[in-house]
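S.K.: Before I ask anything, here is the structure I am working with.
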Amino acid sequence: MARDMLSRRTPTGSDPDLDAVLDALDDDDCRVIIEQLEEPMTAAELSDETDIPSSTMYRKLDLLSEAALVDEGTEVRSDGHHASVYVTDFEEVRVSLEDDRSLDVAVERPSDTDADERLSAMWQEVRRET
């Protein structure tokens, strides 16, 4: 099902905190959520699909959001009851050993074209309904 969604991605010039990324990727439930997010889904839909309880689901989505691995957006519904939906917000995560022997994380993001296309589709839907 195609969804019209307004992204809330916060543009950042730097990569997320190494510990936050490693904590999220080390969590079994977080990895299950990432595997399930082939398309935007609400927390309730994710909970149903993964058998992760709702209360746990929100904590795991917060963990993934802190690590900047999941983007939260708003699904625009014609009845005015909009819903938060979640999508993966990375294509690749690289952990590297720096010259000073510290670890560094780099996260490759999807192109902004996808977000622009979603925003354009959302506005087209809003115009049709007014």
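S.K.: For the range 31-109, just list the percent of Cα-Cα distances falling in each 10 Å bin from zero outward, please.
M.R.: Values per bin, smallest distances first: 17, 43, 25, 11, 4, 1.
S.K.: Hey, can you rank 32-41, 95-104, 72-81 by average C-beta count inside 10 Å, highest first?
M.R.: Highest-to-lowest ranking by the protection proxy: 32-41, 72-81, 95-104.
S.K.: Give me the number: length gained by fully extending Thr74 to Arg101, i.e. 0.36 nm times residue separation minus the C-alpha to C-alpha distance, one decimal in nm.
M.R.: Here the segment from Thr74 to Arg101 would lengthen by 5.6 nm.
S.K.: While we're looking at this one, here's another question. Could you give each residue of the range 99-110 its phi-based ³J(HN,Hα) in whole Hz, using Karplus coefficients 6.51, -1.76, 1.60 with θ = phi - 60°, and x for Gly or Pro?
M.R.: 4, 8, 6, 8, 8, 9, 10, 10, 10, 8, 9, x
Every read-out reported here was derived from the displayed coordinates using simple, explicitly stated rules and does not represent laboratory data. Treat the numbers as computed from the prediction; the structure is a model and nothing was measured. Don't worry about glycine lacking a Cβ; one is built from the backbone with ideal geometry, like all the others, and counts go over all protein chains shown.
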